[in-house]
Amino acid sequence: MEYGRTDLAVEAAAAFGPEPPPGVGVEQLEEEGVRVTRMQVRTPQAARRLGRPPGRYITVELPAFPQPVDPAGAACRLVARELAALLPREGTVLVAGLGNRQITPDALGPRTCRQILATRHLAGPLARQVGLEGLRPVAALAPGVLGQTGMEAWEVLTAVVERIRPAAVIAVDALAARELSRLGSTVQLCDTGISPGSGVLNARRELSPQTLGVPVAAVGIPTVVDGASLARALTGGECPANAPAAGMMVTPRQIDEIIQRGADCLAQAINQALQPTLTPQELQFLAG
């Protein structure tokens, strides 16, 4: 049995061996050299075994770091396609960039949010005047963290959702993984929401359809790896539960580049999913 904290459903399922546990469906495909894994947790029993709510979980494999990710390439396009399938086709979407922008491994959400094409304010004569009529209404918000604002992210987002009544929320957050190879190179999407900080044992109140009252698509990339898993990978032996590494989350020295690459990819994919009538080049220009 694998051990170590992880936010990735594929890693949780892999702990049970080559075949998924009962109640879990897995579909794997490869398009243009990009691997996509779709997993569906169908039963309460399977959810308890995996430690994941019932729902859909999708992973898209990015090129291994430090290879670049082309905003107009297959990886971003496939992330956009899988995300669009988790969202209602019409209505305002609120993009929430979760995390602490002052701590680099946790800054993926705010960095992504900064590049989202916000269009909710473009309507009527103004939209026609600037040539952006017909775009889907999008709002973007980085709510910060409790230690910065004195408010939980779910408190901020609940108030905003009640006010603007979006059709859906996209929550973007940094994730934790077990495998070093997944750092910066795996995008996970799901329709079950997210508990910010859960992968590093600092879980805050979840952002989910149940707590926000609208569909919630969570999107993230691993930026830290579990210390116990890392120790085992380096030594080939088990890490004692009382060892210092067992309580650590580790991030690589290139984390600045990993965060920037990940934020660029996710922002482009979210923009493509929400504004499919615009080209990647147009989206980069408008959101940049």
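Some points to look at:
- The set of residues in the stretch 116-166 that are part of a loop (DSSP other than H, G, I, E, B), closer than 24 Å to GLN284 by Cα and open to solvent by 70 Å² or more (accessible area, probe 1.4 Å) comprises ARG120, HIS121, VAL130, GLU133, GLY134.
- Scanning the stretch 57-87 for residues that are over 17 Å from THR223 (Cα atoms) and open to solvent by 50 Å² or more (accessible area, probe 1.4 Å) gives ASP70, ARG77, ARG81, ALA85.
- Listed by first and then second residue, the pairs with beta-carbon distance under 7 Å, at least 6 apart or on different chains, first residue in the stretch 168-193 and touching a residue at least 12 places away in the same chain (Cβ under 8 Å), second in a strand (DSSP E or B) and of a type in the set (Lys, Arg), are CYS190/ARG56; ASP191/ARG56.
- Single condition LEU189 does not satisfy, out of (1) part of a strand (DSSP E or B); (2) modelled with pLDDT under 90; (3) not polar (S, T, N, Q): (2)
- Only one of PRO215, PRO244, PRO209, PRO222 that is on the phi < 0 side of the Ramachandran plot and at pLDDT below 90: PRO244
- Selection count where residues are in a strand (DSSP E or B) and open to solvent by 80 Å² or more (accessible area, probe 1.4 Å), scope the stretch 15-39: 4
- Every listed requirement among (1) in contact (Cβ under 8 Å) with a residue 40 or more places away in the chain; (2) surrounded by 15 or more Cβ atoms within 10 Å (Cβ to Cβ) is met by GLU90 save one, (2).
- Options VAL60, VAL36; residue that is out of contact with any Phe, Trp or Tyr (no Cβ under 8 Å at 6 or more places or on another chain), more than 29 Å from VAL156 (Cβ to Cβ) and either modelled with pLDDT of 95 or more or of a type in the set (Lys, Arg) (or both): VAL36
- For first residues located in the stretch 249-273 and under 22 Å from ARG81 (Cα atoms) and in a loop (DSSP other than H, G, I, E, B), partners that are open to solvent by 10 Å² or more (accessible area, probe 1.4 Å) and modelled with pLDDT under 95 and lie 6+ apart or on another chain with Cβ distances below 7 Å do not occur.
- Hits in the stretch 102-115 (condition: under 20 Å from MET249 (Cβ atoms), in a loop (DSSP other than H, G, I, E, B) and polar (S, T, N, Q)): GLN102
- Residue in the stretch 44-59 that is in a strand (DSSP E or B) and free of Cβ contacts under 8 Å to residues at least 12 places away in the same chain present: no
- Odd one out for ALA228 among (1) open to solvent by 30 Å² or more (accessible area, probe 1.4 Å); (2) out of contact with any Leu (no Cβ under 9 Å at 6 or more places or on another chain); (3) among the aliphatic types (A, V, I, L, M); (4) touching a residue at least 24 places away in the same chain (Cβ under 8 Å): (1)
The values are calculated or read from the model by the stated rules, or taken from the named source; none is laboratory data. What you see is a predicted model; the values in this text were computed from it and never measured. Glycine also receives a Cβ, built like all others from the backbone with ideal geometry; neighbour counts cover every protein chain displayed. Heavy atoms of the whole protein, side chains included, go into the accessibility calculation; ligands, DNA and RNA do not. Shrake-Rupley method; radii C 1.70, N 1.55, O 1.52, S 1.80 Å.
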